[in-house]
Every structure is written in structure tokens, then in C-alpha cells.
Amino acid sequence: MNNIFGRKQQEEEIRDMGRLPPGQSLTNRFPVLHYGPVPKFNPTTWDLRAFGEVEEEKRWSWAEFNKLPRSKVKMDIHCVTRWSKFDTEWEGVALKTLVDSGMIKLKPTAMYVLQHCEYGFTVNIPLDVALAPNFLLATHFDGQPIDADHGYPLRGVIGAIVGEGHKTPYFWKGGKWLRALEFMAKDKLGFWEQAGYHNEADVWKEQRFGYDG
């Protein structure tokens, strides 16, 4: 009971700070939610591909990806199933870093990014969201490699950075078990968006379901 009351008090404090979006509840756990099985990881055959509206297609092996410039981000994350987890710490590679450094050279026509994951699962986001500081190609969570259930070895992560006003979609907009980034001139709905989830998915507007785009 003390744990329940402690969590409720913590939730109220977070709400008073303006960090709890409408319809969300605080959790201190990290629930596991995904469609399909957890894929096996082979570091000798794994790669990450960047293609589409780019000047040159790029491909990194696991060893090459781990030599890319790394970033750490602390974010609040919000799942469409109504749980929120606060002050989570992620480490990985910022897509903005790859673009700004010229490692990925985008064509002027690039406006959207489709995250291609294992088993054909896809997630779509606008390019401006993908290049914001609150989107990360993450390998580590709270100082440890991401668990297999949470997307090891690589997943897209998106959340809210406290004190910054970047657009914050629900957590599903970062794809687990990421294998490719397709840059597109026109938007293309991902797996959950095709199933009826909201295309924009803004947590503060509570855009959970219904296509908008």
C-alpha cells in the first residue's frame, strides 16, 4: 500500500510540474509491448541501411555503427497504452549528427522518415521530428545495453526533454529492432498507423487513434 501511495504522490508532483500528458499515469516499471516475436541478433550479419531520398545510400555494420559519434539524452517517455516513465536515460546515435556531419546527405525532397524494423515492421515520422534532439537511434538504456524485449541491439526512441518544446509523439513512434531508415518525399503510414493509430500522435493533444495526414 505504501508503494501505491508513494507512486500516486509522485504522479501528482509530476502532474503539477506539467510533465504528465492528459490520460497518462506514472509507472516506475518499463512495460514490454510489441507485435510479433523478439528477433535474434547476429553482430556479424547485422547492418543498418539509410536509403531513399539521399544522395548516396549508406550501410553500417554493427562494428561500424558503434564507432559513430554518440549522444546521451534524458527524456520522459509516454506510451499510447497510457503509461509514462520519467527521467529515462538513453545513449546512442542522433540522426541529426549523421545528417549535420554529412554521413547521410539528404536530397531537398526528403520530408519524412520510415523506420524499417525486423519482420517488416515499420514506423513513420516527419523528418523534422527525426532530426530533433528528442529522437535517438538508441543502443543503451540507463547505462546498459537495451534488453532484447525493448529492442536490442538498436531502436528508435522518442520522448520529451524537460524544459524544451520539441514535438513529442507517443513512444511507438520509435521502432524496436531497427534495420533501416528510408527517407521519403511523401508520407507513408507505418504498421500501427495502418491499423488505425493516429499519424501525428502528439502526446499533449492526446492523439491516440484516427488518421490525420
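The values are calculated or read from the model by the stated rules, or taken from the named source; none is laboratory data. Quick caveat: nothing in here was measured; it's all calculated off a predicted structure. Cβ sites come from the backbone with ideal geometry, for glycine too, and all protein chains shown count toward neighbours.
Is it fair to say residue 50 is at negative phi, over 18 Å from the mean Cα position of the chain (by Cα) and outside any loop (DSSP other than H, G, I, E, B)?
Against the criterion (at negative phi, over 18 Å from the mean Cα position of the chain (by Cα) and outside any loop (DSSP other than H, G, I, E, B)), residue 50 does not qualify.
Conditions: (1) in contact (Cβ under 8 Å) with a residue 60 or more places away in the chain; (2) within 23 Å of residue 208 (Cα to Cα). Residue 174 meets all but one. Number of the miss?
(1)
Using beta carbons and a limit of 7 Å, which pairs, at least six apart or on different chains, have the first residue in the stretch 1-26 and part of a helix (DSSP H, G or I) and surrounded by 15 or more Cβ atoms within 10 Å (Cβ to Cβ) and the second one modelled with pLDDT under 95 and among the polar types (S, T, N, Q)?
Pairs that qualify, where the first residue is part of a helix (DSSP H, G or I) and surrounded by 15 or more Cβ atoms within 10 Å (Cβ to Cβ) and the partner is modelled with pLDDT under 95 and among the polar types (S, T, N, Q), are 11/25.
Please go through the stretch 175-198 and give me each residue that is surrounded by fewer than 16 Cβ atoms within 10 Å (Cβ to Cβ) and either at positive phi or part of a strand (DSSP E or B) (or both), ordered by number.
196 - this is the single residue of the stretch 175-198 that is surrounded by fewer than 16 Cβ atoms within 10 Å (Cβ to Cβ) and either at positive phi or part of a strand (DSSP E or B) (or both).
Across the stretch 28-45, what is the total count of residues that are surrounded by 10 or more Cβ atoms within 10 Å (Cβ to Cβ) and modelled with pLDDT of 90 or more?
So the answer is 3.
List the helices (runs of 4 or more DSSP H) inside the stretch 57-167, counting only whole elements, that have at least 2 residues being farther than 30 Å from residue 18 by Cα.
The helices (runs of 4 or more DSSP H) meeting that bar are 62-65, 95-100.
Is it the case, given these coordinates, that residue 77 is at pLDDT below 95, touching a strand residue (DSSP E or B) at 6+ places or on another chain (Cβ under 9 Å) and crowded, with 16+ Cβ neighbours inside 10 Å?
no
For the stretch 101-120, indicate whether the set of residues that are touching a residue at least 24 places away in the same chain (Cβ under 8 Å), touching a Gly at 6+ places or on another chain (Cβ under 8 Å) and hydroxyl-bearing (Ser, Thr, Tyr) is non-empty.
For the stretch 101-120, residues touching a residue at least 24 places away in the same chain (Cβ under 8 Å), touching a Gly at 6+ places or on another chain (Cβ under 8 Å) and hydroxyl-bearing (Ser, Thr, Tyr): present.
Which pairs turn up if I take residues in the stretch 184-203 that are closer than 20 Å to residue 82 by Cβ and look for partners that are in a helix (DSSP H, G or I) and of a type outside the set (Ser, Thr, Tyr) with beta carbon separation below 8 Å, at least 6 apart in sequence or on another chain?
Close Cβ pairs satisfying both conditions: 192/172; 197/172; 199/193; 201/172; 201/173.
Among the residues of the stretch 105-142, write down those that are at pLDDT 95 or above and small (Gly, Ala, Ser).
Residues satisfying the conditions are 110, 130, 132, 138.
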